[in-house]
Each structure stands twice: as C-alpha cells, then as structure tokens.
Amino acid sequence: MTRRPLALLLATLASLACAEREATAPEPRFNLILISIDTLRADHVGAYGYPLPTTPHIDAMAEHSVRFTSCVAHAPTTLASHASILTSLLPQHHGASISRESRLAQDAVPLAEVLAGHGYRTASFNGGIQLDAAYGLDRGFDVYESAKSHGALAQSLAGNEDRLRHGVERAIRWLDEAERPFFVFLHSYEIHHPYTPDAELLRLFETDYAGDLPDHISVELLERINADGQPLSPEDLSHIVHAYDAELRSADAAIGRLVAYLQEKSLYEDTLIVITSDHGEEFGEHGWVGWHAHSLYDELLLVPLIIKFPGSRLAGEVDALQARGVDIAPTVLAALGIEAPESYVGRDLSQGLGERTPPAVSMHDVPGDVPLWTLRTGDWKLKRVGAEMLFDLRADPGERHNAAAQHPEKADALRLLGEKLLNERRRPADVAAPLSGDTQRQLRELGYVE
C-alpha cells in the first residue's frame, strides 16, 4: 500500500493540536498514555511480523496507529533506558544508574514535569524495582505507585501484583476520578524473567512439549543454563520462548482491557497512546537465554514503538527509518502542542524523516568512568565494548562478523561521532538513591546486583 508522506502528516497533526487547543480552551485537550512492557522484543509482536498469536490487542491498536519499524533502546537495562525515554537524555547524561546506585540528575526534565506544568494530572502505575521512586523517576507525578509483590515466589503466584492487568485496573480506578487532561505512565515486568505464564495461555503456544523443564522458568534455572552450561535442546529453548510469549499474551489482554475502557468512556479518540519497551531479551542469538543487561546486540536493543495519535490520525502509517527512545517525549509533546525543554536531545519524529537516520547511542550501565557503548546508524553499528567491532547491518543483520578491518574509515567515523555525542554534555555527579532494603533484595533476586 502506498504510504503518505509521514513527516508532512505528523507536522500537520502537531499544528492541529496547537490550533485546537488555542481555539477551544486555554488548557491542552488531548490526553496521553505511555505503556512500557518491560523486556519486550519488537520481533515478538504480531504487528512486527511475529507468526504466533502473542499480541492480538496491540495488533488491533496498531491499525489505528503509526508503527515505527526500527526503534532503538538506549540501554539493555530498565532504569537507564526508561530515564532516557522520560527525559530525552542519553544514559551518560541523565544520571540514573543501577550500578552506581544514583538517581536522576536534578537538571534532567522528566516528561511528567513538563506535562504537569501545562495542567495535566499525572499518574504512574509501575513495577518498581529499577523504577523505584528512590531513583527520581517519580518527579512530576501526582501519583506514583509501584507493585508490591516481587521475587521468584511472588511471581509464581497467579495473582501477583506486577502483571500488567493489575496496573491497568489501578489506572482505571484513578482515571474514573481524575480531571482532564491526564498523563498515565504504565509499566510492568510481566514478561521479564522469571517466566510464570498461566497454563491455559502456555497451551496456546505449545501442546506437545515432552522435555524436562517446568512450565515456570525461574531465574535460578536461567542462571544455571547461562552460567553453568546446563545443556539446552532446541525443544527446551522453544519451551522457554513459549513461556515468554504466553506472558506477553497476558500483558496484551490487559491492553485490550484498557482500550475497551477508553472507548466506553469516550476517551479513546482524544487520547494519544504510546506502546514501547525499555529493551529486549536474548534467546540464544549470542549465547545467552532469557537474559539481558549483558550485551548490546540488537535482540536487546530493538523494541516496538507504536503511537496512536488523537483521532486515530495517520492510522496504519509505517515509518521504516530509525527511531530512538529519546525521540518519544519530543514527539508526543509536539503532537500535544507543547514545546519540548531545551535539554531534550531527541527529535520530534514528525520532523526531518526524509533525511539521514539520526544515530542511536546505547550504553551499558556499569560503574567507572569509561563508558561501554554502541552507535547505530541504521545501516552500520559500531560496538565499543572490549575489542572494537563494526557490523554492516545490511549484509549481517545478526551481528556475526566484525567488519572493522575491511572498513577502517567507517569505524573511525562512527567512533568520532559516538564520542562527540557522549561528550556533548558533562556526566552529572552521582546523587545517591536512598534504596530500601526490600528494593536491594529485589535487585539481587533478579540478577542485577551481587
């Protein structure tokens, strides 16, 4: 199907948002809901071509939305990536870090603060742990609620609070009382390891597994597989992936519930909805299974980005150029008719889409002063983690062959560009995050700290 010029249409949408706000009322008209399904790979979403029935409700909403086929996360970890989404700053510059136990820098401007300053009521219902309020991501929210039950035992229970449906129900109760306009940030670890799917959902994806692995895939089991070399057959690997897929099917049902509520309350047309993730998950592509945070390959960095604009404008549009986590906040602010803070380094995706793809820097959250990073341009990817590696993504999308020796000038140019982007701002001084003992325990249980 022939696509309309997306840049022109999005620019028109932003202008309409401004015009409608000025013509009808002094306050913004449109609402915003940002949904992050933690650990969601783009290639496990039906709208991105996945053949199994993981996301029927997301796929249905994608028909009313713009789908960005290549969105790059800025870290393979929850805190650093979400802080980049919410402040439009690289991890090197926003200050929030698990490894350094530091909170968001004071001069970073979270999206919620911007919207609160324009009359929005703001609420977040999230999974906590790496989004614990101690890290500063609660700034600008009237309500910031984190799930209470975590850990391997709690997540093995069918009613655990961190399933997305619980966050959606809390959000619905809040929306029933909230003034307009509103901003809701929803986040859930539901598909994050451990994988604890309901049995009937797992059966949607497999009916004949005869291996020895349990239906619930624990963190301890994944640690044995990854660290201790426990043998894993192709059937066992498929079983683990199906457990992940079944968790995703559950999260998708929660999104269906939220959309149905918005439609019932006549809010759907006036609400901008964003569905994305902070990072993906590795399923054996580079040796690890059911894990992230350890590398910067694309299976950990390519995430979905689906934006349903008010009135379902631009429904069905597809943009194939590279987007980034830092672009989300500037894009939604433009659509809402609100000027982005000067500190935001991302771009409004309605501008300049006919030009060369903007480079995406992704970083490990590690202590020390020497950053470990990759720079991705769409066609090329430079990896500055240990030995320098260069990947020609057109010829080698699986990132198997180091092309640095064949293309030294390209490697040099990307290295200089990456260093320039990292040095455009000074890394802020660490501000200690006052973590509770419970949050520290949860971080250990999920393998993030020793």
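What follows draws every value from the coordinates through simple rules; no lab data is involved. Predicted model, so just to flag it, every value in this text is computed and none were measured. Positions of Cβ are generated from backbone atoms using ideal geometry, with glycine treated the same way; all protein chains shown enter the neighbour counts.
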Subject >> Amide H within-cut-off set for Phe283, under 5 Å, with H built and near neighbours excluded >> reply: Gly290
Original post:
Can you sort Arg425, Arg224 by how many other beta carbons sit within 10 Å, fewest first?
Top reply: Arg224, Arg425
Original post:
Among Lys148/Lys265; Lys308/Lys381; Lys148/Lys420, which pairs are too far apart, with a Cα-Cα distance over 32 Å?
Top reply: Lys148/Lys420
Subject >> Mean separation of Cα contacts under 8 Å, 6 or more apart, over the residue count of the chain: relative contact order % >> reply: 28
Original post:
At Arg415 and Arg441, where each label point lies 7 Å from the Cα along Cα→Cβ, what is the point-to-point distance in nanometres?
Top reply: 4.7
Subject >> Most to least packed among 340-348, 247-255, 411-419 [average Cβ atoms within 10 Å] >> reply: 247-255, 340-348, 411-419
Original post:
Which order, highest average first, do 297-308, 377-388 follow once you tally other Cβ atoms within 10 Å for each residue and take the mean per peptide?
Top reply: 297-308, 377-388
**OP:** Restricting to the chain, compute how many DSSP beta bridges are antiparallel as a %, nearest 5.
**Re:** 50
**OP:** Any chance you could get the radius of gyration and Dmax over the Cα atoms of the chain, in Å?
**Re:** 20.9, 65
**OP:** Given the peptides 274-285, 395-406, arrange them by the average over their residues of other C-beta atoms within 10 Å, most packed first.
**Re:** 274-285, 395-406
